[in-house]
Every structure is written in structure tokens, then in C-alpha cells.
Amino acid sequence: MAIYHCSIKPISRSKGRSAAAAAAYRAGEMIADMRTGETHDYSRKRGVAHAEIVTPPGCAWQPTRAELWNTAEHAERRRDACVAREHEVALPLELSDAQRLDLTRAYAADLAARHGCAVDFAIHEPRRDAPADQQNWHAHVLCTTRVVEGQGLGQKCDRERAGRDRRADLAAERQRWATLCNEHLAAVGLPQRIDHRSLADQGVDQRPTQHQGPQAAAIERSGRQPRRRRQRADRDSHQRAPVPRAERAEQAARRGLLQAGKTVAAERVLAARGRREQARDQINRRYEQIKEINKELKALRRPVIKGRARKSPLIQLILAPLALANFARRARLEREKQAELVAIDARRRELAEARQYLSELAKQETEAARQLPDLETSRRAAVADAQAQMAAAQLAAQRTMEEQHKPAPAAPARPPEPSTPAPPPPAAQPSRSRGMSM
């Protein structure tokens, strides 16, 4: 069945990746990276059905794979540069090998013509050691991020420039692959079609599935079920299970309390943060005042008259009142400085209390968030107990009905008793009369 899959991923140095290594792996070849001095040898890799390099129309430069990607690596100077961009697409199973090659080649030529870059594609066939997964035909399409100019690479492609709408570019590329694939399916007379849109955009009322790798797909096609899907099925069955009305009301009340607690905690956090910022501002202002006081003190310590003139009695007599005034002013500034330091210590204590309060609120919020999974676990346990009791009651009722409708066993026939002759009737005895004495 033709399915849609098109993912676009960057090959960036910031992730520690190399375009030469990526091209060597996808094509199953050996490439020496001239920038790092490493040799990437994947010549023994199996499963590469075809690999080819496509350049823009009218380009006279036909480089080898090693030459192309070493040129791409050499053209980038930044240590976080994006050297290449990979398009990974799923090929329809209904097409033949030659038709899949034509489709991939046409897609690579379209990319090269639209962006002016060089394209290196490789078609991978399904793994031979997985008999249950013989539908995983896909292609890796590597594109340079720079346009082909002369006998090398020039400036960046338009889609790689800063300020581009990446979402719109991605949507356009995904739509282009769907259109091109559907055109090739229709050209060979196949009714299958693919769609790059989501199920919601298509108007299909169906739960979206999650992408599975080749191993999970092989397990599913062999008749078994992957572990992740089993867990999801169990979770869905718990969610669909009936919950008693009283338990639902209790859960709603607990959720309401937790939500109210979260709201109050959020308000307290905002208030505590406000107090913390206010204390920080006051500390900064008082530090500025201390700096001004220090400047004044430094100015007062400077001698007004230098040299031997200061030792003159007349000069000392003139400077005596000034020294007293400076001493008094210095004492006053020192007192103000100490007061500012005391105020700063108080604000620091307020700041520490606000931080402690924020940490306590964070702990409360974490505890409230931790109670929700416990609530869900208790609900699942209650649902499981209710289901078990219901099943036991149904089984008992079924057994009772079977016993009631079961016919009673017939009593065994008693053997006939042997007939015995009836005893003779008793003989009649003569009556005796006694005479009465006179």
C-alpha cells in the first residue's frame, strides 16, 4: 500500500555530523573526508539498490561523490554550518524497480532545477534478514546548500538564506513530493494516491497513527504487536473503562482543589517575585549612594596645600577650622554609609526570604503535579477492581441460571418385590357364657 512519508533533515556541523560520512553511508561507498582526515568506508553495506548524482540543467560539472561532498565541506567556513539537507521519502510498493528509480530521479532533478543545487540520491531496498518487512522501499536524497557555479559550488541557495519562512518551505516541499508521486502512480494506471495533509485537514475523522520503524512494522506484520502499541492499547482501555459516579465526583473535586492550589501558588509566586525585584532595586540604589559617599570622602582626604607651606603656623591656623569641618562631614558620611550598609543587609535578608518562599512554592507545585499521576493510578486500580467484580458477578449469575435451567435427574426404578401368600384369616372362637349365681 502506498503511504506518505517525507522528512527533511539538516546535516549540520553543530550536531557533529559530516556530509561526506552521510553520503558514504547512504550510497554504500568509501569517501575520505579531506577536512577532518577521516575515511568513511561503507562499501560492505547491503541494501543499496541504486545511487546517482544529479546536477542542474545545463551544468557542465559532473563530479564524483567524493569530489562533490569534499567541495561542499570546503565551501563552509563556520563550525556550525549546515553543509547538506536530506530528504527522506517512502517509495510506493506498487511500483516496479524501474518505476521507483524513475520517480526518485525525477524528484532529484526537480530539486536540482528549482534550487540550483547538486543532488545525490540513493534508493534502499528492504532488509533481506526481515522477511516480514518487505515493504520498506525508501530513498535518501542529499542536497547541497549551495548552488552549482562553474566547476564548484557558489553562494547559498535561496531556501537556505536567513529570514525564510521555514514552515512554508517545508509545506511546499512535502506537497511537491505528494504531487510528483501521484503523477507517477497515475501514469502507470494505479489507483493508489498519497496525501501530504493531516487527517484533520483532509476532513477524515480518524485517530492519527504514530510513525513506526522497520522493526516495529516487521513485528506487526508477523502477527504480533509492538510493545509501545500494546501499552497504548492498555492505556486506551483504561480510559474507556466505566468509572463509578461517586468516584468521578471525587476525582473532579480533587482536580478542582489541585487547580485552585496551582492558581494560588502562581499568584504567590508572582507576588514573591515582585518583592524580590523590589529588594534588588533598593539594594542597587543604596550601592549607588555608597559610591557617591566614597567619592566625597576621597575628595575630602585630598590635601588642599602641598609642600612645606603646610608646616607654616599661619597656614595651620587657617586650615584648622577647615579640618574640623571636614572631620565632621567625614563622620556624617561614614554614619550614612553604615546606615546604607545596614539597609542593604536588611534587603538581602528579604531577598533570601523571598527566594526561600519561591522554593517552597515550587515544592508545593511539584507535589500537586505529582498527585495527578497518583490519582490516575488509583482510578485505574479502582476501574480494574470494578471490572473484576463485575466479571465475577456475571460469572456467578451465569452459573446460577445454568443450575436453575438444568433438568432434575430421574429417580432410579425400584425392582419389584416378590409376592408372598396372604396369611389365612383367624378362626372364630366359640363364645362362653357364665351362669349367674343365685
Task: Sole exception among (1) over 25 Å from Trp137 (Cβ atoms); (2) crowded, with 18+ Cβ neighbours inside 10 Å; (3) under 35 Å from the mean Cα position of the chain (by Cα) for Pro63, by number - done: (3)
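Here are some residues: Thr64, Thr39. Which one is touching a strand residue (DSSP E or B) at 6+ places or on another chain (Cβ under 7 Å) and among the hydroxyl-bearing types (Ser, Thr, Tyr)?
Numbers: Thr64 fails: touching a strand residue (DSSP E or B) at 6+ places or on another chain (Cβ under 7 Å).
Answer to the selection: Thr39.
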Task: Yes/no for Gly163 being over 24 Å from the mean Cα position of the chain (by Cα), without any contact (Cβ under 8 Å) to a residue 40 or more places away in the chain and over 30 Å from Glu76 (Cβ atoms) - done: no
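Here are Asp80, Asp41: which of them is on the phi < 0 side of the Ramachandran plot and touching a Ser or Thr at 6+ places or on another chain (Cβ under 6 Å)?
Asp80
The rows are residues; the columns are (1) among the charged types (D, E, K, R); (2) within 30 Å of Ala260 (Cα to Cα); (3) modelled with pLDDT of 75 or more.
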{"residue": "Arg335", "(1), (2), (3)": "yes, no, yes"}
{"residue": "Ile344", "(1), (2), (3)": "no, no, yes"}
{"residue": "Thr377", "(1), (2), (3)": "no, yes, no"}
{"residue": "Pro412", "(1), (2), (3)": "no, no, no"}
{"residue": "Thr420", "(1), (2), (3)": "no, no, no"}
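Test Gln134 against the stated conditions and say whether it is more than 26 Å from Gly58 (Cβ to Cβ) and without any contact (Cβ under 8 Å) to a residue 40 or more places away in the chain.
Taking the combined requirement at face value, the residue satisfies it.
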Task: Among (1) within 30 Å of Val269 (Cα to Cα); (2) modelled with pLDDT under 70; (3) open to solvent by 90 Å² or more (accessible area, probe 1.4 Å); (4) of a type in the set (A, V, I, L, M, F, W, C) - the single one Met401 does not satisfy - done: (1)
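Would you check if Lys45 is in a strand (DSSP E or B) and surrounded by fewer than 15 Cβ atoms within 10 Å (Cβ to Cβ)?
Working: in a strand (DSSP E or B): no; surrounded by fewer than 15 Cβ atoms within 10 Å (Cβ to Cβ): yes.
Against the criterion (in a strand (DSSP E or B) and surrounded by fewer than 15 Cβ atoms within 10 Å (Cβ to Cβ)), Lys45 does not qualify.
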Open item on the list: For the structure I just gave you, tell me whether Glu367 is of a type in the set (Asp, Glu), out of contact with any helix residue (DSSP H, G or I) (no Cβ under 8 Å at 6 or more places or on another chain), modelled with pLDDT under 55 and loosely packed, with under 12 Cβ neighbours inside 10 Å.
Closed with: no
Task: Among residues of the stretch 326-364, those that are surrounded by 13 or more Cβ atoms within 10 Å (Cβ to Cβ), without any contact (Cβ under 8 Å) to a residue 40 or more places away in the chain and either closer than 17 Å to Ala266 by Cβ or of a type in the set (S, T, N, Q) (or both), counted - done: 2
TODO: Report yes if some residue within the stretch 82-98 is in contact with a Leu (Cβ under 9 Å, 6 or more places away or on another chain), at pLDDT below 95 and open to solvent by 70 Å² or more (accessible area, probe 1.4 Å); otherwise report no.
DONE: no
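Out of Arg268, Arg310, Arg276, which single residue is farther than 27 Å from Arg370 by Cα, among the basic types (Lys, Arg) and modelled with pLDDT of 60 or more?
Step by step, each of Arg268, Arg310, Arg276 is checked, and only Arg276 is farther than 27 Å from Arg370 by Cα, among the basic types (Lys, Arg) and modelled with pLDDT of 60 or more.
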Open item on the list: Out of the residues in the stretch 205-221 meeting the condition of being open to solvent by 60 Å² or more (accessible area, probe 1.4 Å) and in a loop (DSSP other than H, G, I, E, B), tell me which one is modelled with the lowest pLDDT.
Closed with: His211
Task: Every residue from the stretch 166-191 that is of a type outside the set (A, V, I, L, M, F, W, C), open to solvent by 60 Å² or more (accessible area, probe 1.4 Å) and touching a residue at least 40 places away in the same chain (Cβ under 8 Å) - done: Arg174, Arg176
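The values are calculated or read from the model by the stated rules, or taken from the named source; none is laboratory data. In this text the structure is predicted, and so the values were computed from the model without any measurement. Reconstructed Cβ throughout: ideal geometry from the backbone, glycine too, with neighbour counts over all protein chains shown. Ligands, DNA and RNA are excluded from the accessible area calculation, which covers all protein heavy atoms including side chains. Shrake-Rupley method; radii C 1.70, N 1.55, O 1.52, S 1.80 Å.
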